[in-house]
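Accompanying notes for the structure given below.
Laboratory data are not the source of any read-out in this text; all were calculated from the coordinates shown. Quick caveat: nothing in here was measured; it's all calculated off a predicted structure. Backbone-built Cβ (ideal geometry, glycine too); neighbour counts: all protein chains shown.
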Amino acid sequence: MSGNSPILPPATIGILGGGQLGRMIALEARRMGYGIAVLDPTPGCPASHLADRQIQADFDDSQAVQELAAVSEILTFEFENVEPGVMEGLSCHPSLEPLYVTRNRWREKNMARGLGIPTAPFLAVGQPIELRQALATEEIRKRGGAILKTCEGGYDGKGQWRFNERAIQQACDTNFTDSQFLETLEPDLRALFQNLANGGTQTQAPEPFFVLEGMVPFSLEFSIVGTGFADSQFAAFAPVENEHRNGILHKSFSSAAISSEQARRAIEYAGRIAEHFGYVGTFAVEFFLADGEPVFNEMAPRPHNSGHLTLDASISSQFEQHVRAVCHLPPGSPDYMCEAVMINLIGEDHSVLAGVERALEIPGIRFHWYGKSESRAGRKMGHITALASTRQEASENADRAYDRLKWVRQ
Ligand code: AMP
C-alpha cells in the first residue's frame, strides 16, 4: 500500500462491512473502475452484489481482515463498530482515531467541546445515584428535560431513556429515597443498572457507561456531510435538513431551512473536526438548530443516510467523495444540481414492497433498493429521492411517491 500517491483504477478497495453504505461506496467505486472486496459475515450481503469477492467472516476475525488487506490496495469501512485491534498495522481511511472517538458518546462529546463546538450540557453517569445527582444539577434542571444515553452501542434512538420535568423534580425531591427513585426508572434501565452493579457489563474505566444530556429545544435537525482529503482539503455538501420518525431518519431535504450564516458556522465546525483528526474520507455531523445556533449532536465516521440524496442531486456524491479521498484523488464538487428530498424505505416483518411501478410514475423519482434478503421491522431496505427545481415540489413528489408504496405481508 502506497503513502499518499493516487490509487488508480483498477486497484481494489477493501470494505469492512457489506450493508447498504458499503454497497453505495462500491456502486460509485465500480463506476470509476475500481475493484471491490468486501468483508461481511452475511452471505449475499448488499455490497457483495457489486463486489469481485466477499470474504465471509466476522468483523473481529483478524485473519479474515488480513486476508481482505492482502487483496486490497486500501481499506475502508462502512460502520463504526470495527474492532480497532483487528486493524492494527493496516493502512485504512479514515484512520482508527475518529473511529475510536466517535463510537463512544462520552469521548465524542468531549472532542466537540474541546474543539469549541457547542453541545447540549452533558454529564457522566455510571450508577443510579449518579443519575439522580446529574438530573438534579442546575444545568439539567433549567433544560426542563433530559435524555440518558448509553455511551456505546446505541443507534437510531436505541439505548435512550427520556426524563421529563416531573422526573427531574422527583430526582431533586429530598423526601424521595434512593430506592424510591430507582422504582421510578423504566424496567429495562433498572435491569441494566443491576447488570452493571453485578459486573455483567464492562466499561473502560474511567469512562462512564452512560451520558446524561440536557434537552435541546431545537427548531430543526440538520447534518453536515463532508469529506476530508489527504492533502488536508475539506469539501462539504450544503446542510441537509432531517426529519425523524420513531428515532429513525425518515426524510432529508437538500436545502435546510437555515440561514447562510448558520450553514457557514456548521460547516466550519465540521471542518474543525476534519482538521483535528486529519480525517480522510466522508463523515457526517448531526446538529440541532436551537435559538438560531447549531448545536453538535453526534458524528458518524462514514457516509451517512442523510447524504444519500447526493447520489442523485450532486455533481459528486458523498460516496464518490469518499472513494476519491481514500484513493488520494482530488475533491469532486459537492454542489447540488437541483433540489432533492429523500425518504427512507423502512421495512416491516415478513413483507414485500408493493407499488414501486406506481411510485415511479411521479416525475423526478429515483428508486434505490439495497437487495437485502428479507424485510424486517425497522430495517433500512431502500430509499427514494425526488428531484425537482424547488424544495416544495421535491418534497411533495417524494411524499406522493412514498404514499404509493405499501408493505404487504407475505
Ligand atoms: P441520537 O441517537 O443521539 O441522534 O438521538 C436520536 C434523536 O433523539 C435525535 O435525532 C433527536 O431527535 C433526539 N435527541 C437526542 N438528543 C437530544 C437532546 N439532547 N435534546 C433534544 N432531542 C434530542
Query raised in the report: So how do 377-389, 106-118, 301-313 stack up, highest first, on mean other-Cβ count within 10 Å?
Result: 301-313, 377-389, 106-118
Report task. Please list, in chain and number order, the residues 5+ apart from ASP349 or on another chain whose amide H is under 5 Å from its amide H, with Hs placed from the backbone. Result -> ALA377
Query raised in the report: When the chain is fully extended, how far beyond the present Cα-Cα distance does ARG245 get from VAL408, taking 0.36 nm per residue of separation?
Result: 56.7 nm
Report task. Note down the nm distance, to one decimal, between modelled labels 7 Å out along Cα→Cβ at SER232 and at ALA290. Result -> 3.3 nm
Report summary line: XL table LYS149/LYS372; LYS158/LYS251; LYS109/LYS142; LYS380/LYS406; LYS251/LYS372; LYS109/LYS158; Cα-Cα > 25 Å flagged, in table order, is LYS149/LYS372
Query - Estimated [θ] at 222 nm from DSSP helical runs (n ≥ 4, -39500 (n - 2.57)) normalised by residues in the chain, nearest 500 - result: -8500 deg cm²/dmol
Query raised in the report: Counting Lys and Arg as +1 and Asp and Glu as -1, each charge on the Cβ, what is the dipole of region 344-405 about the Cα centre in debye, to the nearest 20?
Result: 220 debye
Report summary line: In terms of the alpha carbon gyration tensor, root eigenvalues a ≥ b ≥ c, rounded if a/c is under 1.5 and otherwise prolate when a/b exceeds b/c or oblate, region 82-231 is oblate
Query raised in the report: For region 358-410 and region 286-313, what is the separation of their Cα centres, given in Å?
Result: 21 Å
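Roughly speaking, what is the stretch gain from ALA70 to LEU360, that is 0.36 nm per residue apart minus the C-alpha to C-alpha distance, in nm to one decimal?
Details: separation 290, 0.36 × 290 = 104.40 nm, distance 4.24 nm.
So the chain would gain 100.2 nm between ALA70 and LEU360.
Tally Lys/Arg at +1 and Asp/Glu at -1 over every other residue whose Cβ is under 11 Å from the Cβ of HIS383; what's the total? Provide the component values of the computation, followed by the final result.
Details: positive: LYS251, ARG366, LYS380; negative: ASP312.
After counting each charged neighbour, the total is +2.
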Report summary line: For region 113-194, shape from the Cα gyration tensor axes a ≥ b ≥ c, cut at a/c of 1.5 then a/b versus b/c, turns out oblate
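Gain in length, GLN160 to ASP178, computed as 0.36 nm per residue apart minus the alpha-carbon separation, to one decimal in nm? Each step should come with its number before you reach the end.
Numbers: separation 18, 0.36 × 18 = 6.48 nm, distance 2.12 nm.
Going from the current span to full extension adds 4.4 nm.
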Report task. Take the Cβ-Cβ distance between ASP188 and TYR100 as r, set R0 to 25 Å, and report the resulting FRET efficiency rounded to the nearest 0.05. Result -> 0.35
Query raised in the report: In the neighborhood of ASP335, defined by Cβ-to-Cβ distances under 14 Å, what is the net charge if each Lys or Arg adds +1 and each Asp or Glu adds -1?
Result: -3
Query - Pairwise label distance in nanometres, GLN169 with PHE367, each label 7 Å out on the Cα-Cβ vector - result: 5.3 nm
Report summary line: per DSSP, antiparallel bridges as share of beta bridges in region 1-136, % nearest 5, sits at 0 percent
Report task. Could you point to the residue in MET342, LEU182, GLY126 farthest towards the positive end of the chain's charge dipole, with +1 and -1 charges on the Cβ of Lys/Arg and Asp/Glu respectively? Result -> MET342
Requested in this report: Amide H neighbours of HIS250 under 5 Å, at least 5 residues apart or on other chains, H built in the peptide plane: list them.
Outcome: GLU243, HIS244, ARG245
**Report entry** About the Cα centre, charge dipole magnitude for region 127-198 (Lys/Arg +1, Asp/Glu -1 at Cβ), debye
**Finding:** 180 debye
Query raised in the report: Using the Cα gyration tensor of region 1-91, with a ≥ b ≥ c the square roots of its eigenvalues, what is the shape: rounded (a/c below 1.5), prolate (a/b larger than b/c) or oblate (neither)?
Result: oblate
Query raised in the report: Antiparallel as a % of all DSSP beta bridges within the chain, to the nearest 5?
Result: 80 percent
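Compute the signed sum of charges (Lys and Arg +1, Asp and Glu -1) over the other residues within less than 13 Å, Cβ to Cβ, of GLU357.
Working: positive: ARG358, ARG404, LYS406; negative: GLU361.
Net charge around GLU357: +2.
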Report summary line: Here region 405-410 yields Karplus 3J(HN,Hα) values (6.51, -1.76, 1.60; θ = phi - 60°; whole Hz; Gly and Pro given as x) of 9, 9, 7, 10, 6, 9
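With only Lys, Arg, Asp and Glu charged, each at its Cβ (+1 for the first two, -1 for the last two), find how big the charge dipole of the chain is about the Cα centre; round to the nearest 20 debye.
Details: 36 positive and 51 negative charges, 108 e Å.
Charge dipole, the chain, about its Cα centre: 520 debye, nearest 20.
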